[in-house]
Amino acid sequence: MIINSISLKNFQCYFGELHQNQFNFTDGLNLIIGDNGGGKSKLFDGFYWVIYDQVFNSDTRRFLPTSTYKENLISNKAKYLCDVGQSVSAEVQIIAKTGQGIEYKLTRIFEAKKTHEREWVCASASKLLIDEFKGAAWSSIDSSKHKDILKLVIPPHLKPYMWFQGEQVDDLMDFTDKSTLTNSINILSDISTYDELKEIVRKRADSAARAHRNEKKKLSKNDIESERLSKLLNAEIKKIN
């Protein structure tokens with residue numbers, strides 16, 4: 001799928017409604033540039049959260065499920081402005097389109113209720129809603145189809161290459177291990193797959209070359225035999241004449 005936009009409501013550092021934190025993408029390469037602490041990683045978390053129901057914890061350098069991260073998903077400002085007894089939610093919405101032109105809206109929501117000034121009762125899990133644009137309106141998709149649609153947005157085999165954060169570099173760079181650079185390259189690219197494909201092509205090329213040489217030998221033998229028979233025919237014709 002092609003991701004057209006992402007919108008964030010009270011998600012981590014993104015305080016405000018969806019329309020206030022909306023990022024639209026164009027065809028081709030899109031770059032997201034910002035200062036340290038500007039929200040680049042949290043925007044990354046937004047994509048990851050919608051699809052995998054997890055966010056990256058920079059302290060532990062691990063991906064944590066929503067059930068563990070809980071109210072930390074929600075903007076601190078939104079939590080501060082929330083009155084005791086009221087609820088507040090974090091929400092991220094992605095709009096994407098398939099190659100066949102089918103447009104989907106994926107929305108993940110997590111809600112928490114403020115019971116005391118710094119105490120929260122959180123939902124047991126986040127909620128995922130997926131809608132398909134039909135005609136001129138959005139139509140809800142049954143939850144039984146959610147997994148298949150999520151796999152269309154980011155195919156599972158692309159996950160290691162698509163979702164990489166700078167904070168994870170420390171996990172990749174063990175300079176006491178001589179294979180560190182090789183392992184890093186393999187994680188960040190499909191170079192190993194490229195090597196496999198190159199080896200397959202080489203073997204097929206060698207096989208084709210051998211077959212070509214054998215066919216040339218056969219043709220050469222046929223040419224010699226054809227020339228001998230032609231001379232014999234001409235000799236017999238002369239005898240007849």
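The values are calculated or read from the model by the stated rules, or taken from the named source; none is laboratory data. Everything quoted here is computed from the prediction, not taken from an experiment. Please note: Cβ atoms are built from the backbone with ideal geometry, for glycine as well, and neighbour counts cover all protein chains shown. Surface accessibility is based on the protein's heavy atoms, side chains included, excluding ligands, DNA and RNA. Shrake-Rupley method; radii C 1.70, N 1.55, O 1.52, S 1.80 Å.
The set of residues from the stretch 117-142 being open to solvent by 90 Å² or more (accessible area, probe 1.4 Å), under 22 Å from Asp83 (Cα atoms) and not in a strand (DSSP E or B) comprises Glu117, Arg118, Ser124. For Ile109, the requirement of being within 21 Å of Lys145 (Cα to Cα), crowded, with 19+ Cβ neighbours inside 10 Å and touching a Ser or Thr at 6+ places or on another chain (Cβ under 7 Å) is not met. Look at (1) surrounded by 10 or more Cβ atoms within 10 Å (Cβ to Cβ); (2) modelled with pLDDT under 70; (3) polar (S, T, N, Q) and you find that Asn241 fails only one, number (1).
From the list Ile94, Ile102, which one is aliphatic (A, V, I, L, M), open to solvent by less than 40 Å² (accessible area, probe 1.4 Å), within 19 Å of Lys147 (Cβ to Cβ) and touching a residue at least 24 places away in the same chain (Cβ under 8 Å)? Outline the logic, then answer.
Working: Ile102 fails: open to solvent by less than 40 Å² (accessible area, probe 1.4 Å).
Only one candidate qualifies: Ile94.
Open to solvent by 70 Å² or more (accessible area, probe 1.4 Å), within 24 Å of Ile102 (Cα to Cα) and aliphatic (A, V, I, L, M), is that true of Leu29? Against the criterion (open to solvent by 70 Å² or more (accessible area, probe 1.4 Å), within 24 Å of Ile102 (Cα to Cα) and aliphatic (A, V, I, L, M)), Leu29 qualifies. Here Ser41 fulfils each of the conditions (1) in a helix (DSSP H, G or I); (2) among the small types (Gly, Ala, Ser); (3) in contact with a helix residue (DSSP H, G or I) (Cβ under 9 Å, 6 or more places away or on another chain); (4) within 25 Å of Trp138 (Cα to Cα) apart from (4).
Listed by position, the strands (runs of 3 or more DSSP E) contained in the stretch 51-116 that have at least 2 residues being of a type in the set (A, V, I, L, M, F, W, C) and in contact with a Leu (Cβ under 6 Å, 6 or more places away or on another chain) are 87-97.
At least 1 residues being open to solvent by less than 80 Å² (accessible area, probe 1.4 Å) and at pLDDT 65 or above is the threshold, and among the helices (runs of 4 or more DSSP H) wholly inside the stretch 143-203 those reaching it are 146-153, 159-162, 180-188.
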